[in-house]
Amino acid sequence: MTHLELTGVAIDFPTSRGPFRALDGVNLKINQGEFVSLIGHSGCGKSTVLNLVAGLYEATEGGVVLEGKEVREPGPERAVVFQNHSLLPWLSAYENVELAVKQVFRNTKSRAEMKEWIEHNLELVHMSHALHKRPDEISGGMKQRVGIARALAMQPKILLMDEPFGALDALTRAHLQDSLMEIQARLNNTVIMITHDVDEAVLLSDRIVMMTNGPAATVGEILDIDLERPRNRIELADDVRYNHYRHEVLSFLYEKQHKPVEGDSQSAAPAQKAAKTAADAPQLAQDMHIVKSTPGETTASTAA
Amino acid sequence: MSTLSTASTESTKNKLTLGRLQLALRTPSADTVSRIARALMLPLIGLLVFLFAWHIAARNIDTSLGQFPGPAQVYEQTFGLIADHNRERGREAAFMERQEKRNAAILAKDPGAEVRMRDYTGKPTFIDQIGTSLITVLAGFALATLIAIPLGILIGLNGTLYAALNPLIQLFKPVSPLAWLPLVTMVVSALYVSDEPMFAKSFITSLITVSLCSLWPTLINTAVGVSSISQDLKNVSKVLRLPFMTHVIKIAIPASIPAMFTGLRLSLGIAWMVLIAAEMLAQNPGLGKFVWDEFQNGSSDSLGRIMVAVLVIGIIGFMLDRAMQLLQSRISWDKNAVVR
């Protein structure tokens, strides 16, 4: 059953030299409980797609339909986890979640129920020990956990995550990815996540939507990730299918959608060097996905 | 030294901790001393140099009202003004006592008689004038704040409103209080008519003039603070569909508190400066009137007394700013922010 549907979505942004078409002809269907990643080079309009679904932007052509209703404005049933947590710095973790809960459940939950629900959601992201700490008193990873708790607490029909772990260090990111998988297994949320991390995309997703480069970016390829859950990052690091999926995504990004400006000088040299070591020590290179490469990518970089 | 020798009989571990403790005690203490010296000595030296230069300069300036007052005369006049105040209070108390006695006598003769207490109508002293000025400035500042903060929030949230009001703000912001004063006086005289006025007209005139001149910094800073809230926080509010008032209370106000206080402190400084000028020009009671009266009075003490007033005005202005600063660090959610 189709849960969310984007049909022929195009969006123009006004510039001084007339309208700029950022997205064109984006078609996407997402089912209930599905975890979908959007991946693509920076500036390709991933965030624009997410903001369209969130209702923060309005499509110039086409539209977004969630459960048979057209999306016209933002709302808590499409909760967003922002890249830089976006917690209110003057409120504690508890109060940040409370703001959302009070807004969504003010007519349906009693005061005690709300308190329980807030604590439950913070528990879910393992933040019970820091309920009354303010964002400036906790680490970046913890802030992002609270951001996720706030989004989950809205009980959204769809969870939108805009590079949720992009600003975190590799170890914290791995922790949070595991937490997210665990939560998703429990709650069976529908999730759209933007990422630029190939490993993250393959590890977490049911499907990876790969976007072409802008202007007028659109959906390039869609890759089904047929790995059984629960997934374990260490076991998967040696898994043939996992590495095949990684290869698919990498070859899309670096061969089919190679960015001439950014790719050449920066990635070609380290890519060659890393290609030798990557095969020997896959787990070491796990978080260096851009450097770690397949033979195909190396040739692409050097050829260009 | 004795502690060290005792320690040497203890185990080596103990000795080490004790040595470290002594080290920890000694080094920062020297550091602290130099820090305190820095914090106290430098301003003190500055003050002494200033007093000396003032003293020398004052000795070389002769005016038609006598020599320009130096630190010594000002010191003397300060106590003179306090003595004046105490004398005046004594007279007032005596006046009240006489009235009470007379009334008691009348009542003793005829219990049904109507007795009245008259107010003492002596000349307000320097200290009374300080009180009047303080009350006026705080009332004017409060009125300005009540207008500026809500309006600033509205303008900051609404780009259309900002575009509509911005030219007006820019136009009225640089207007001097002295230009407003005649208009305000006439308008107050025309509109504030009542048989038993709660406030004196002069008070209302000063208050409105102060408000008109001091509301701009708060208004502009609040508007800028509110309009520069990060897009992420605005998006959070949109996704949650926060109602307008919740958005204002939970997001707009806390986010703009630092900018708001910058504005409030500028406003209070302007309010205090404007008030003195307005009192002087309009002969409304307060420190400004005191300065003007002394100037007109032209006695040999006058310049000294004016100088006392100048210093008091400075000190009060400084204390008002400090009070705002204290309030800011109390209210602000960001306790790590350095408030200057």
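The values are calculated or read from the model by the stated rules, or taken from the named source; none is laboratory data. In this text the structure is predicted, and so the values were computed from the model without any measurement. Note: ideal-geometry Cβ built from the backbone for every residue, glycine included; neighbour counts use all protein chains shown.
Things worth noting here:
- Here the condition is being loosely packed, with under 15 Cβ neighbours inside 10 Å, free of Cβ contacts under 8 Å to residues at least 60 places away in the same chain and part of a helix (DSSP H, G or I); of B:Leu138, B:Leu171, B:Leu165, B:Leu154, it holds for B:Leu171 alone.
- Whichever residue in the stretch A:128-183 is under 13 Å from the mean Cα position of the chain (by Cα) and farther than 24 Å from A:Val104 by Cα and, among such residues, is modelled with the lowest pLDDT: A:Ala167
- The set of residues from the stretch A:64-94 being in contact (Cβ under 8 Å) with a residue 40 or more places away in the chain, charged (D, E, K, R) and at the interface with chain B (Cβ under 10 Å from one of its Cβ atoms) comprises A:Glu77, A:Arg78.
- Filtered residue count, the stretch A:182-202, keeping only those that are closer than 19 Å to A:Ser251 by Cα and touching a Leu at 6+ places or on another chain (Cβ under 7 Å): 2
- The number of residues in the stretch B:61-109 that are in contact with a helix residue (DSSP H, G or I) (Cβ under 8 Å, 6 or more places away or on another chain) and in a loop (DSSP other than H, G, I, E, B) comes to 4.
- If only residues of the stretch A:95-123 that are of a type in the set (A, V, I, L, M) and within 13 Å of another protein chain (Cβ to nearest Cβ) are counted, the one that is surrounded by the most Cβ atoms within 10 Å (Cβ to Cβ) is A:Val97.
- Residue in the stretch B:331-338 that is without any contact (Cβ under 8 Å) to a residue 60 or more places away in the chain, over 24 Å from B:Leu183 (Cβ atoms) and either among the acidic types (Asp, Glu) or within 14 Å of chain A (Cβ to nearest Cβ) (or both) present: yes
- When each of B:Ser237, B:Ser227 is tested for being within 11 Å of chain A (Cβ to nearest Cβ), of a type in the set (Ser, Thr, Tyr), in contact with a helix residue (DSSP H, G or I) (Cβ under 9 Å, 6 or more places away or on another chain) and over 30 Å from B:Leu81 (Cβ atoms), the lone residue that passes is B:Ser237.
Yes or no, residue by residue, for (1) within 14 Å of chain A (Cβ to nearest Cβ); (2) of a type outside the set (Ser, Thr, Tyr):
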| residue | (1), (2) |
| --- | --- |
| B:Gln231 | yes, yes |
| B:Ile251 | yes, yes |
| B:Gly288 | no, yes |
| B:Ser300 | no, no |
| B:Val312 | no, yes |
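- Here the condition is being β-branched (Val, Ile, Thr) and under 24 Å from the mean Cα position of the chain (by Cα); of B:Val193, B:Val184, B:Val226, it holds for B:Val184 alone.
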